[in-house]
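Novice: I'd like to ask you about the structure that follows.
The values are calculated or read from the model by the stated rules, or taken from the named source; none is laboratory data. Model, not experiment: these values are computed from the prediction. Note that each Cβ is placed from the backbone with ideal geometry, even for glycine, and that neighbours are counted across all protein chains shown.
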Amino acid sequence: MPNKKTLKKTKKPVSVEPKEELVLQPPRGMRDILPGDQPYWQQVRKITEKAAADFGYRRIDIPLVEFTNLFARGIGTGTDIVEKEMYSFNTKGGEKVSLRPEFTAGIARAYIQHGLHVASKPVKLYYTGPCYRYERPQEGRYRELFQFGCEALGENDPIIDVQIIQMGWRIIHQLGIRNVTVNVNSIGCPACRKSYRNLLVSYFESKKQKLCIDCRRRLEKNPLRILDCKEDKCVQVKMNAPQSIDHLCDECRVHFKELLEYLEELEIPFELDPTLVRGLDYYTRTVFEFFPHAGAEEKKKSALGGGGRYDGLVRSMGGEDTPAVGFSLGLDRLVLEMKKLGVRTYKEQKPRVFLAQLGIFAKKKSLRMFEALERSGIMVAESFGRGSLKSQLKVADRLRVELTLILGQKEAIDGTVIIKDMASGNQEIINGDKLIDEVKKRLKMGGMVVRNQ
RNA sequence: GCGGCCAUCGUUCAAUGGUAGGACUACGGGUUGUGGUCCCGUUAACUUGGGUUCAAUUCCCAAUGGUCGCCCCA
């Protein structure tokens, strides 16, 4: 008889069209959020939606799929997100579409399309849902990521920028993540950015030989990004580089100055970070990121969220001139951070009563009894599929219920129920009509006893 | 897209060039309708594809996935 190995060897070479094997795993970077993690997610949903409501933001849902050029135009063709991270495909009808890598472009589109600008300004919108980026996954970084964010459209006053920062910070704080600072910077408007850019280029040109290879390339393509580089030698060079905040035009400078004043008014820890440059083209003036500070031994952490002003986006997409500012939070990262910090979430509602049945007649009757208990607001657990009373009690014990109701053949016929106190083990036969009242009474008593101890 | 490390029951940790063992969990049992401990049992894994070899879970290569760093971002 051939053994497994020889079978393997004699197997035919893979045919042109091999039978596709079912892989019990989602594609790379995709993951399940299992019941064990749901309390965290539930908490995140609760806090974010509360904050949105408190600040007067209304929910908007936009499609997961948009035309690819919406993102290309909105986010910028030179950005990494558009250049190499989009899930793009052609539909059967030949449309070029992509899964959204972020929300802002789609929201700007919807804002223009539906004439949302007729509402009084600012128009405040919030969103939540998945986005897709084809990146190399690692901790806190997935190809399917969940975001929550807010956009305020039609308001130029820096106080709204601060309010946006306040919201983001408050959400993070309320989730129990207390070790967070806000990094802020202003990258100016297109006009002053252009002159600053020239200044930067000429500065780095003079120090070109001291830069890393990547940065020499960036010098041509996107010199602002050199400020982000972590290479030691580049860090050295950029220490003395001209800073964007020193070269803002008058209007942008005033905007930023006011923003800082407002920010100081709040008790939010913030840091001016002249090297903060965000990767999306549409940003103007204010940019910010929420950073958890790492402990001494810990590696550096990635941003929990960020945002900024995008005064030119709506106009560039064909809408009217609309200053706007927004932020988004990476929910996966928030959950990750909550878990790391050991943040407590709400307790799942646990059943306090277990219903056990024995025998065919009782089994049938227990269905109704279960419903009656549920209807009167008593959360009941059961394990109807199990036969023996013993195994049902084991389950009841594992669930740590306070009471177990036992409905056997005899009780079912008599119209009674055994009510068993799990702590003491004492049990009593009571009339079926009085069951609900008795259970309610006992559950309250149980609570009192615990408190008096 | 680039580089490092890793890959064994559901989880976790072993061992081994001759196909794998424990712990936890799950399920069942320790007689007739009663739970926590204890005891017994059952289910359950070598990521995939090549190569070396008489023989690969073990060695080599690749793919895939995970993780970490870079890039970038939430």
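Novice: Surrounded by fewer than 24 Cβ atoms within 10 Å (Cβ to Cβ), within 16 Å of RNA strand B (Cβ to nearest atom) and within 19 Å of A:P122 (Cβ to Cβ): does that describe A:Y262?
Specialist: Taking the combined requirement at face value, the residue does not satisfy it.
Novice: Could you list, in sequence order, all residues of region A:370-401 that are touching a residue at least 12 places away in the same chain (Cβ under 8 Å), at negative phi, surrounded by fewer than 20 Cβ atoms within 10 Å (Cβ to Cβ) and of a type in the set (D, E, K, R)?
Specialist: Across region A:370-401, the qualifying residue is only A:D397.
Novice: Would you confirm whether or not region A:133-140 contains a residue that is within 13 Å of RNA strand B (Cβ to nearest atom), in the same structural domain as A:G330 (by TED's automatic domain parsing), part of a strand (DSSP E or B) and not basic (K, R)?
Specialist: Within region A:133-140 (the criterion being within 13 Å of RNA strand B (Cβ to nearest atom), in the same structural domain as A:G330 (by TED's automatic domain parsing), part of a strand (DSSP E or B) and not basic (K, R)), the answer is yes, since at least one residue qualifies.
Novice: Separate question: Is region A:97-117 home to any residue that is within 14 Å of RNA strand B (Cβ to nearest atom), closer than 22 Å to A:A324 by Cβ and part of a strand (DSSP E or B)?
Specialist: no
Novice: Looking at region A:394-421, which of its residues are touching a Phe, Trp or Tyr at 6+ places or on another chain (Cβ under 8 Å) and either within 8 Å of RNA strand B (Cβ to nearest atom) or not small (G, A, S) (or both)? Give the steps one after another, and end with the answer.
Specialist: Residues of region A:394-421 touching a Phe, Trp or Tyr at 6+ places or on another chain (Cβ under 8 Å): A:395-396, A:399, A:401, A:403-405, A:409, A:412-413.
Once the filter is applied, which keeps residues that are touching a Phe, Trp or Tyr at 6+ places or on another chain (Cβ under 8 Å) and either within 8 Å of RNA strand B (Cβ to nearest atom) or not small (G, A, S) (or both), region A:394-421 yields A:V395, A:A396, A:L399, A:V401, A:L403, A:T404, A:L405, A:Q409, A:I413.
Novice: Here is a list: A:E438, A:E382, A:E428. Which entry is among the acidic types (D, E) and under 30 Å from A:G36 (Cα atoms)?
Specialist: Answer to the selection: A:E382.
Novice: May I ask you to list the residues in region A:24-66 that are among the hydrophobic types (A, V, I, L, M, F, W, C) and surrounded by fewer than 16 Cβ atoms within 10 Å (Cβ to Cβ)?
Specialist: Residues satisfying the conditions are A:L24, A:M30, A:I33, A:L34, A:A53, A:L64.
Novice: For A:N69, only one of the following conditions fails: (1) of a type in the set (S, T, N, Q); (2) in a strand (DSSP E or B); (3) away from RNA strand B (no atom under 16 Å from the Cβ). What is its number?
Specialist: (2)
Novice: Testing A:Q147 on (1) in a strand (DSSP E or B); (2) within 18 Å of the chain's Cα centre (by Cα); (3) more than 13 Å from RNA strand B (Cβ to nearest atom), one condition comes back false. Which one is that?
Specialist: (3)
Novice: Of the numbered conditions (1) more than 11 Å from RNA strand B (Cβ to nearest atom); (2) at pLDDT 90 or above, A:G306 satisfies every one except a single condition; which is it?
Specialist: It is condition (1) that A:G306 fails.
Novice: Sort out which residues of region A:339-369 are buried (at least 19 other Cβ atoms within 10 Å of the Cβ) and hydrophobic (A, V, I, L, M, F, W, C), and write them in order of number.
Specialist: Of everything in region A:339-369, those that are buried (at least 19 other Cβ atoms within 10 Å of the Cβ) and hydrophobic (A, V, I, L, M, F, W, C) turn out to be A:V353, A:F354, A:L355, A:A356, A:L358, A:A362, A:M369.
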